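To start, the structure under review is shown below, and the notes come after it.
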Amino acid sequence: MSKPLHWIGILYLILLQACEQKDITYHVVAVTPDDTPETIIQKAVNVVPTHKQLAWQENEFIAFIHFGVNTFTAREWGTGKEDPAVFNPTGFDARQWVRTMKAAGMKMAMITAKHHDGFCLWPSRYTEHSVKNSPWQGGKGDVLRELSEACQEFGLKLGIYLSPADLHEIEREGGYYGNGSQRSLRTIPSNNTHRASVKRTFEYELTDYDVYFMDQLYETLTEYGPVHEVWFDGANPKPGTNQTYNYEAWYDMIEKLQPEAVIAIKGPDVRWCGNEAGHTRQDEWSVVPLDEHPDDNSFKDAMADDLGSREKLGDAKYLYWYPAETNTSIRHGWFYRDEEQYVKTVTELVDTWYRSVGGNTVFLLNLTPDRRGLIPDKDAGRLRELGRVIESSFSHNLMSQEGIDISVDVNCLTKRLYMIDGKPDTYWIPEEGSEKATLTFEFPEEQTFNRLVIQEYIKEKGQRIERFEVDAWTGEDWKLIAESTTVGYKRILRFPAETTSKFRIRILESRIAPSISNVEAYMGEELLDLPVISRDKSGLVTIKCSTPDPVIYYTLDGSEPTLSSNRYEKPFAMNKPGNIKAKAFTADGSKSTDVVSGNFDVPKTNWKIVEASAPANGFGPEKAIDDNPATMWHTPWGENVKNHPHEIVVDMGETYSLKGFTYQPRTDGNISGTIKTYEYQVSIDGQVWNTVSKGAFDNIKNNPILQEVLFRRSVPARYFRFISKSGAAGEAWVSVGELGVITR
């Protein structure tokens, strides 16, 4: 006969079983007028991801691929009028793409199967504007198929981007886009021959363009294997075209044909981070408020810094799990242009990886295959180095060793060791109402670390932690080494290397009670800060790093700097066009940064403002030519101010042969006043003017980087007039960070 359990043991088992029961969780929950701030927070922690949202989040790092006719025309947004014959990547190799992605640590490849120009990278039955009418592989090529096969070979998932906007269908005679057709009951696929060959068809109330779009969507979802993400861009290069989309039908067909695929951006599963520069929020909440039920939601771009705080949740009608995807491009621009196009350094890529993957988002990094059809050599090298840095930094988890002692200052309802057991479905949580907690981790011997990974158990407990700090034991006292706010799927903290026998995590604010599924500590690879090269209006060049330790070497002849190159000691003059390359080294030369280039055109020493639209106080037009992008010319803003056009006229002091011009939007993270459409005029004498360029800066609202415009031919000019015709955000005023010219 067995001995009866002690009553304390019985009580413990009851509490443990009660604690480990699954909460009633939701993907979306309504907020009622009777809800108090407390009940809203209780509802918020019970909002959790769907299984496919969680699987998507676990990808962490995925590739975007912008490739198409724009690659060959050097445009960001095409016209829809391109001849398919321009597309001819004679060295195309999808396996090279995927090998490079895998080396970088990416888990999915998502391609612009159809961008805004309407050109299809697969031989669609429903348009002539596709690879089947290009010379590539004699019109028998299929980029999407070769990419799908390469992904399956190397174990990557496949994602598909289809632009809802289609300039080819707008521009061609008889095009479907905006043709005024009304919705009527239609069958997908619409082509009888195609329909006869498939196992499943769909019927929806659709316009002509909806039919066209869904026919192509059907092709990509049924003929290329498993698809794990479908990406719908909200951009429209030709606003005002009267075309609506039956998103509900699109979503329904995707769910039925590819049930494991998340629908991103203009879709219910994944939201855009709010910019295309790779900027991340300090507080990235996955539970966000909605004004209407997701089934009725238009999923507008969420660009504010605060999306999910307690204050924001208080205004909600629904609480919804809607995680963020951080997207940016490895180059300045989404498509390949040329080898002068800026390529982000390894340091920049590593930093964005930490902020995005380690900031509760998925990192979507765009790659730009060149006209050969390959990831360019420079880009591929940096991606491989990025993967190496990540791998080396996270190869040895200091928390995986035996003998770590964990203590907590609140009542545990689950095992403390669940935080370091490496299992994704175990977690620690205290009793409800314990919104603060201190968790102390003691190593069996001193360890040196500079990275800390913390994950919440979002699968069943949602997102809860609002603010926490990390301290290391000095031997006499606690020393603050890091602090942060939200955690969610993953937070990665970076701090100077600390040697200690123990550290603690102090959770200072949380919702109801924090949950932690994983804590990891690493000694990550440290990279030197990149040099920054600048030249002022007088032509004086300064090169510096954000820390004083590195030694900087530079060249003026285009070669890569070495320890034998010019050592930077103090600012120097460069009063002519030229390229400066710089590289920072440790004092012993054992480590170095990537090479940084400063490409400078004619100096602005003698430039003067002739006339300009009246500025706001403190934002004079001289700031547009002071060689300091951090300053800006800005016209008055607010109500009842002068609308476009705005203009600025500059005397360069002497005549140059101009090949083009540059426009740098303001660099403070605000797009207010950013120019969309422009006209550029030049003059020899300031009296007779010639318009040499006019048009639009494609996608500048979402990607406000330096704009470089080349003329059809070089023109002589001493004066130039830059005219803003409209703003990217539809505002009446204008802002300019810097204007320059291209002479070489």
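Since every read-out is calculated from the coordinates, none of them should be taken as a lab result. Here the structure is a predicted model, which is why all the values come from computation and not from measurement. Cβ placement follows ideal geometry from the backbone for every residue including glycine, while neighbour counts extend to all protein chains displayed.
For the stretch 638-722, state which GluC sites (Glu not before Pro) are in a DSSP loop and have at most 13 other beta carbons lying within 10 Å of their beta carbon. When the GluC sites (Glu not before Pro) of the stretch 638-722 are filtered for loop state and at most 13 Cβ neighbours within 10 Å, Glu639 remain. Can you give me the Cα centroid spacing of the stretch 663-727 and the stretch 232-306 in angstrom? Cα centroid of the stretch 663-727 versus Cα centroid of the stretch 232-306: 32 Å apart. Semi-axes of the equivalent ellipsoid of the stretch 398-522 are 22, 15, 14 Å, computed as sqrt(5λ) over the eigenvalues of the C-alpha gyration tensor in descending order. In the stretch 173-298, the DSSP beta bridges split such that about 50 percent are antiparallel, to the nearest 5. Out of the stretch 370-458, which GluC sites (Glu not before Pro) are coil in DSSP terms and have no more than 11 other C-beta atoms within 10 Å? Answer by residue number: Glu402.
For Asp536 and Glu483, what does the FRET efficiency come to when R0 = 35 Å and r is the distance between their Cβ atoms, rounded to the nearest 0.05? The formula returns an efficiency of 0.45 here. With the biggest extent put first, the Cα atoms of the stretch 617-703 measure 36, 29, 27 Å across the principal axes. How tilted is helix 7-20 with respect to the longest principal axis of the chain? Cα atoms for both, answer in degrees (0 to 90, nearest 10). The helix 7-20 is inclined about 20 degrees to the chain. The calculated FRET efficiency for the pair Asp83 and Leu185, based on their C-beta separation and a Förster distance of 45 Å, comes to about 0.75. The slack between Met303 and Asp34, meaning 0.36 nm per residue of separation minus the straight C-alpha distance, is 93.9 nm.
At the listed q of 0.22, 0.25, 0.29 Å⁻¹, the Debye profile of the stretch 532-600, built from one uniform point per Cα, gives log10 I(q)/I(0) equal to -0.91, -1.15, -1.47. In this calculation the C-beta distance from Asn690 to Thr662 is compared with R0 = 30 Å, giving a FRET efficiency of 0.95. Normalised by 2.2 N^0.38 Å, where N is the number of residues, the C-alpha radius of gyration of the chain stands at 1.04.
Positive-end ranking of Pro444, Tyr457, Ala497 along the dipole of the stretch 398-522, with charges on Cβ about the Cα centre, is headed by Tyr457.
When +1 charges are put on Lys and Arg Cβ atoms and -1 charges on Asp and Glu Cβ atoms, the dipole computed for the chain relative to its Cα centre reaches about 1580 debye. If the chain linking Lys591 and Ala74 were pulled fully straight, counting 0.36 nm for each residue of separation and taking away their Cα-Cα distance, it would gain 182.5 nm. Kirkwood analysis of the Cα pair distances in the stretch 478-519 returns a hydrodynamic radius of 12.3 Å. Run the paramagnetic zone check for His279: 7 angstrom along Cα to Cβ, then residues of the stretch 701-744 with backbone nitrogen under 12 Å. Under 12 Å, as judged by backbone N against the label point of His279, lie 702-705 of the stretch 701-744.
Would you work out which of Ser559, Pro548, Ala573 lies farthest towards the positive end of the dipole of the stretch 532-600, given +1 charges on the beta-carbon of Lys and Arg and -1 on that of Asp and Glu, about the Cα centre? Selected residue: Ala573.
If one computes P(r) from the Cα atoms of the stretch 669-744, what percent of pairs lie at distances over 18 Å?
Result: 42 percent of Cα pairs exceed 18 Å.
When Glu146, Glu476, Glu560 are arranged by Cβ crowding within 10 Å, least crowded first, meaning fewest neighbours, the order is Glu476, Glu560, Glu146. Of the trypsin sites (Lys or Arg not before Pro) found in the stretch 392-452, those that fall in a DSSP loop while having at most 14 other beta-carbon atoms within 10 Å are Lys415.
Treating each Cα of the stretch 322-392 as one equal point scatterer and applying the Debye formula with no solvent, the log10 of I(q)/I(0) at q = 0.25, 0.28 Å⁻¹ comes out as -1.16, -1.31. With angles folded into 0 to 90 degrees, how steeply does helix 208-222 sit against the dominant principal axis of the chain? Use alpha carbons for both and round to 10. Relative to the chain, helix 208-222 is tipped by roughly 60 degrees.
Per the Debye calculation on the stretch 523-564 with a single equal scatterer at every Cα and no solvent contribution, log₁₀ I(q)/I(0) for q = 0.18, 0.20, 0.30, 0.33 Å⁻¹ amounts to -0.67, -0.79, -1.15, -1.18. Suppose we keep just the DSSP beta bridges with both residues in the chain; what percent of those would be antiparallel, to 5? Of those bridges, close to 75 percent are antiparallel. Remark: relative contact order (the stretch 532-600) = 33 percent; criterion is Cα-Cα distance under 8 angstrom and separation of 6 or more residues. The mean sequence separation of alpha-carbon pairs under 8 Å and at least six residues apart, normalised by the residue count of the chain, gives a relative contact order of 10 percent. Given their separation in residues at 0.36 nm each and the Cα-Cα distance between them, Glu255 and Asn133 gain 40.8 nm when the chain is fully extended. Couplings for the stretch 223-239, taken from phi via the Karplus curve 6.51 cos²θ - 1.76 cosθ + 1.60 with θ = phi - 60°, read 10, 9, x, x, 10, 10, 8, 10, 10, 10, 6, x, 6, 9, x, 9, x Hz in order; Gly and Pro are left as x. How high is the relative contact order of the stretch 608-742, in percent, counting Cα pairs under 8 Å that sit 6 or more residues apart? The normalised contact order for the stretch 608-742 reaches 38 percent. Each Lys and Arg adds +1 at its Cβ and each Asp and Glu adds -1 at its Cβ; summed about the Cα centre, the stretch 398-522 shows a dipole of about 480 debye. Each part reduced to its alpha carbon centroid, the stretch 34-53 and the stretch 412-459 end up 22 Å apart.
Obtain the radius of gyration and the Kirkwood radius of the stretch 99-181 from its C-alpha atoms and give Rg over Rh.
Result for the stretch 99-181 is an Rg/Rh of 1.07.
I'd like the distance between the alpha-carbon centres of the stretch 473-521 and the stretch 580-643, rounded to an integer number of Å. Measuring centre to centre over Cα atoms gives 39 Å.
How big is the C-alpha Rg of the stretch 166-322 next to the rule-of-thumb value 2.2 N^0.38 Å, as a ratio? Let's see the in-between values first.
On the way: Rg = 17.8 Å, N = 157, 2.2 N^0.38 = 15.0 Å.
Compared with the compact-globule rule of thumb, the stretch 166-322 sits at 1.19.
Over all pairs of different C-alpha atoms, the stretch 44-87 has a mean inverse distance whose reciprocal, the Kirkwood radius, equals 14.1 Å. When the chain is described by a simple charge dipole with +1 on each Lys and Arg Cβ and -1 on each Asp and Glu Cβ, the residue from Phe585, Pro430, Thr193 located farthest towards its positive end is Thr193.
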